[in-house]
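A.B. asks: My questions will all concern the structure given below.
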Amino acid sequence: TLIEMMIVLAIIAIISAFAIPAYSEYVKRASRAEAKATLVSAQSALDKCFQLNRTYFHSATTPCKISETLAGAGLPTDKKDYVVAFTGTFPSAANKTDFTLQATRKNAMLNDKCGDFTIDQISNKGLVNNTDTIAACWGK
């Protein structure tokens, strides 16, 4: 009957009111985890280069295959919701021992509360353009 159908629709509406926001947050957490994993992977590749060559800078004598774009190292830098790149400080002839990497939001993550993730050569983790805390976004 019509009343039974209205009851079913009301139940579906109530369940959807809770399920859709929870699912959306789950998807955002997964995208954040992918961005953090990509940053840590890139940092690890840079650290391996530094251990072998005592420099992050790529040259004929220190074949790190890492440039300003990270592309030479074969690192996955352009993800669905983030782009990972050097920001501010990057390896160069003048700066061979410091770097900062940033995962910049795009697509569905543009308004995410965690903002853009950063990490440097000594594992200082940070956020840019965020409304949430580092502890909440990077984890403990």
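A.B. asks: Using only the Cα atoms of the range 3-54, what do you get for the radius of gyration and for Dmax, in Å?
C.D. replies: 22.5, 75
A.B. asks: For a Förster distance of 41 Å, can you work out the FRET efficiency between the beta-carbons of Thr131 and Lys48, rounded to the nearest 0.05?
C.D. replies: Efficiency, rounded to the nearest 0.05: 0.75.
A.B. asks: At a 10 angstrom cut-off on C-beta neighbours, averaged per residue, how do the peptides 104-110, 40-46 rank from highest to lowest? Mind dumping the intermediate values first?
C.D. replies: Details: 104-110: 15.3, 40-46: 16.9.
The most tightly packed comes first, giving 40-46, 104-110.
A.B. asks: Continuing with this model, one more query. Sticking with the crude label model, points 7 Å out along Cα→Cβ, report the distance from Val8 to Ala30 in nm, one decimal please.
C.D. replies: Result: 2.9 nm between the two label points.
Every number here is computed from the coordinates shown, using simple stated rules; none is lab data. Nothing here was measured: the structure is a model prediction, and the numbers come from that model. Cβ coordinates were reconstructed from backbone atoms using ideal geometry, including for glycine residues, and neighbour counts include every protein chain displayed.
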